[in-house]
Amino acid sequence: MDSGALSALSALGGTMVGALSSLSSTWMTTRAQARAARLADERAKREDLYGRYMDEIARLYAAALKSVGVDYERLTSAYALSGRISLHAGDAVVEASDNALRYVVDLALGPTRSAEEMRTMMDDRSANVISAFAKACREELRTLR
């Protein structure tokens, strides 16, 4: 084989290898950036959903403490958010949201509490359903990094 042809083939081969490595590097970088953007979007969507659910549960909780009966308008909103959580969240978050909703409904159906009873409930960890839900959410969101 002619040395000029060998040089040309070597140059062409080197150019092809360089182009392929550049192309594959760009493809991998773009793919990684797209995945990071999807995860960040999913995380933001869940944070918003979980936050709105905690707001509704807190309102229901406060209403349940001061009166007997269920605020059905807020309960409907909380159930709708709970359903959306079931679509997106893992089992631990879904279970924590269900427990919170059940606890607040039970609280609303129970007797009216005195100020002393409310204060005692503040110290009872099992009564802090919003914190338990938040903890489950925090653990799940930690995995979306």
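Numbers below:
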item: Filter pass, S21 being surrounded by 12 or more Cβ atoms within 10 Å (Cβ to Cβ), without any contact (Cβ under 8 Å) to a residue 12 or more places away in the chain and not hydrophobic (A, V, I, L, M, F, W, C); result: no
item: Of all residues making up the stretch 24-57, the number that are over 12 Å from the mean Cα position of the chain (by Cα), farther than 14 Å from L101 by Cα and surrounded by 15 or more Cβ atoms within 10 Å (Cβ to Cβ); result: 0
item: Filter result for the condition that a residue is under 26 Å from the mean Cα position of the chain (by Cα) and part of a helix (DSSP H, G or I), over R119, R84; result: R84
item: Residues being closer than 19 Å to A134 by Cα, out of contact with any Leu (no Cβ under 9 Å at 6 or more places or on another chain) and of a type outside the set (K, R) - total across the stretch 23-54; result: 4
item: Flag if L60 is touching a residue at least 40 places away in the same chain (Cβ under 8 Å), touching a Lys or Arg at 6+ places or on another chain (Cβ under 6 Å) and surrounded by 11 or more Cβ atoms within 10 Å (Cβ to Cβ); result: yes
item: Residue under evaluation S97, criteria (1) of a type outside the set (A, V, I, L, M); (2) closer than 17 Å to F133 by Cβ; (3) out of contact with any helix residue (DSSP H, G or I) (no Cβ under 6 Å at 6 or more places or on another chain), criterion not met; result: (3)
item: Residue list for the stretch 81-94, filter: farther than 14 Å from A134 by Cβ and of a type in the set (V, I, T); result: V94
item: Pairs, first in contact (Cβ under 8 Å) with a residue 40 or more places away in the chain in the stretch 39-55, second buried (at least 18 other Cβ atoms within 10 Å of the Cβ) and among the acidic types (D, E), C-beta under 9 Å, six or more apart; result: R46/E140; Y50/E140
item: Residue list for the stretch 122-136, filter: loosely packed, with under 11 Cβ neighbours inside 10 Å and part of a loop (DSSP other than H, G, I, E, B); result: D124
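Rule-based calculations on the coordinates, nothing more; no lab input. As the structure is a computational prediction, the values presented were derived from the model and not from experiment. Neighbour counts are summed over all protein chains in view; Cβ atoms, including those assigned to glycine, are modelled from backbone coordinates with ideal geometry.
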